[in-house]
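What follows is a short report on a single structure.
The values are calculated or read from the model by the stated rules, or taken from the named source; none is laboratory data. From a predicted model like this one, the values you see are computed outputs, not experimental measurements. All Cβ positions, even for glycine, are placed from backbone atoms using ideal geometry, and neighbour counts span all protein chains on display.
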Amino acid sequence: MEVGTINAAEASTGSRTMADLVALAGRKHGDRPAIKHKVGEEWVDVSFKELAETVKEIALGLIDLGIQPGDKVSILSNTRPEWTYSCFGILGAGATCVSIYQTNSPEECHYVLHHSESRAVFVEDAEQLAKIREVESDLPDLELIIVMEPSGDIGDAVSFEELRTRGKRRPDADYEERLKGVKDDDMCLYIYTSGTTGPPKGCLLTHGNYRQVTNMAEADGRLGGDEIIYLFLPLAHAFALLVQFIAFDLGSSIAYWEKDPQKIIPNLLEVRPTYFPSVPRIFEKIYTLANSVGDPEEIRQAVEVGFKVRQMEEAGEEVPHDLRKAFEEADEKLYQKVQALFGGRLRQAVTGAAPISKEILEFFFACGVPVMEGYGMTETSTVASSNRPDAFRFGSVGKPLNGVEAKIADDGELLLRGPNIFQGYFKNEEATREALADGWLHTGDLGSIDEDGFIYITGRKKDIIITAGGKNITPANLENSLKQNRWISQAVVVGDRRPYLVVLITLDPEELPAFAEQHGMSVEEVTQSEQMRAEVQAAVDEANSHVGRVEQIKKFVILPHDLSQPTGELTPTLKVKRNVVNEKFAGEIEALYAG
């Protein structure tokens, strides 16, 4: 059977809620591999039957320790099999799962645990346990800590294995009773938004929200029933969670990463996935890698040929002989090499969580790697619209899922309505009223909808720059253009209430050694070198060539280090926290406007 051809309705478990999904998947998909993960140097499979058994043990262990229906239980861990066992175990006990990013500081962990009133928390290892130990004295609701991978003295915490052992001692009937008790309108997940502006807000998402969005995505053919999915995205984030819900419902396999960003591409080569969900940063890096070898003009021509031929093939048109010959030559020189970077059998990649350049999408499409951009928020239970291989327009975020309504408000804001829209923000009625008004979700994004129903996002309402001259400018397009340069990692355009635009540039630390070698200097010298300034100036000139004079960048500064989440400038999904960057680099910004 071809990958992705299983009928979704036939493949689905038919679960009522996300709580009973894994138990039903164990019965329906049996010995098929649900999970692939690295143990030493080997990839090891966990079957659906084994997954269901482990989840049942975790759920019963939590019941044994006193967790009641509706209790909140948090998870603080990297994406790994135990995250999944814990999440479905929590749901199977009738409780609500609260996700915490593994990169969060002790203070950020405290905020989520305290705000959510979590009674228990799963932590990955000694490093994550230490964060909780630092703040637990100020967490009156927290009664229980469970350690997935214990090492050393864990004190009064419970090990993962001990939890499973407790679960094995209880009758299955206790589990079945909890599963039957879970209703559509019960809380499934509290997911705290990563907060580009201010403290995170806890999105209330029901079992009904996620069952509905899972149904809509499956009916639309977003994911086949026989995929191998490579997952490095944090399961604390809505994007990865939805992919996992759909995969387990349909019987597809998920291969988890090795907790090392440097191993993402090696893992892709080993796993050879058919489906790859990602964020723009990874595609930008692979695009840079593919364009860093070979003649730029030859690559440009190959992309032009590939794009034209694949469009003709999509439309069922005959490809002229000369064009076909050029395509076959480019296939050997470029397309096959790009496909190989993803493992060689990728059917579809999906990008979301942040904007991506249209040129990058066109490049991958030309090379035979369709990267489909979608749009959604935690508040839409992950997704609201998406391009599909059989219905796409690059530059758009696709059409709404069947069942989702979209319209543009008078001020240009995108509004959404549907069964996937969240219930509000926990303990924040004011923010809930602002977001859910007149039956519509006010997304905070500006956009348009074309005559065929494709949605285009033009920027964030809060990110709009209004210059001193009164010109409204969306910085995302300029920033995306700059990030296509091989050496540039991040670009943050500044200019609100200022006479002109400037940009803060960071360099890609992985690419710096190559630049240093090319120019006969040390890596430390690159940032302030004239050669790098000339390279960045050329990228700025290229970005400026596509916009009017008032929208052009006049000056730039190269920052001494890249932006990151640990240093507070990026969210866990790699979106820039503009207010933090503006505050942290206020001196550099003022220097650009001085004189």
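Here are the numbers:
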read-out	value
L441 vs. criteria among the aliphatic types (A, V, I, L, M), under 30 Å from I286 (Cβ atoms) and either modelled with pLDDT under 90 or touching a helix residue (DSSP H, G or I) at 6+ places or on another chain (Cβ under 8 Å) (or both)	no
Any strands (runs of 3 or more DSSP E) falling wholly within region 50-158 and containing at least 1 residues that are touching a Phe, Trp or Tyr at 6+ places or on another chain (Cβ under 6 Å), assigned by TED's automatic domain parsing to the domain that holds C188 and modelled with pLDDT of 95 or more	72-76, 96-100, 144-147
Identity of the residue in region 464-476, more than 20 Å from the chain's Cα centre (by Cα) and in contact (Cβ under 8 Å) with a residue 60 or more places away in the chain, that ends up farthest from Q552 (Cα to Cα)	G469
I35 touching a strand residue (DSSP E or B) at 6+ places or on another chain (Cβ under 9 Å), surrounded by 24 or more Cβ atoms within 10 Å (Cβ to Cβ) and either touching a residue at least 40 places away in the same chain (Cβ under 8 Å) or among the aliphatic types (A, V, I, L, M) (or both)	yes
Test: residue in region 55-67 that is free of Cβ contacts under 8 Å to residues at least 40 places away in the same chain, crowded, with 24+ Cβ neighbours inside 10 Å and more than 17 Å from L142 (Cβ to Cβ)	yes
Filter result for A435 (surrounded by fewer than 18 Cβ atoms within 10 Å (Cβ to Cβ) and outside the structural domain of N209 (by TED's automatic domain parsing))	no
Selected residue [modelled with pLDDT of 85 or more, within 21 Å of N480 (Cβ to Cβ) and among the basic types (K, R)] from K575, K554, K584	K554
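Every residue, every condition in (1) β-branched (V, I, T); (2) closer than 24 Å to V547 by Cβ, yes or no:
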{"position": "G418", "(1), (2)": "no, no"}
{"position": "I421", "(1), (2)": "yes, no"}
{"position": "L436", "(1), (2)": "no, no"}
{"position": "G439", "(1), (2)": "no, no"}
{"position": "G447", "(1), (2)": "no, yes"}
{"position": "D450", "(1), (2)": "no, yes"}
{"position": "G459", "(1), (2)": "no, yes"}
{"position": "I465", "(1), (2)": "yes, yes"}
{"position": "G470", "(1), (2)": "no, yes"}
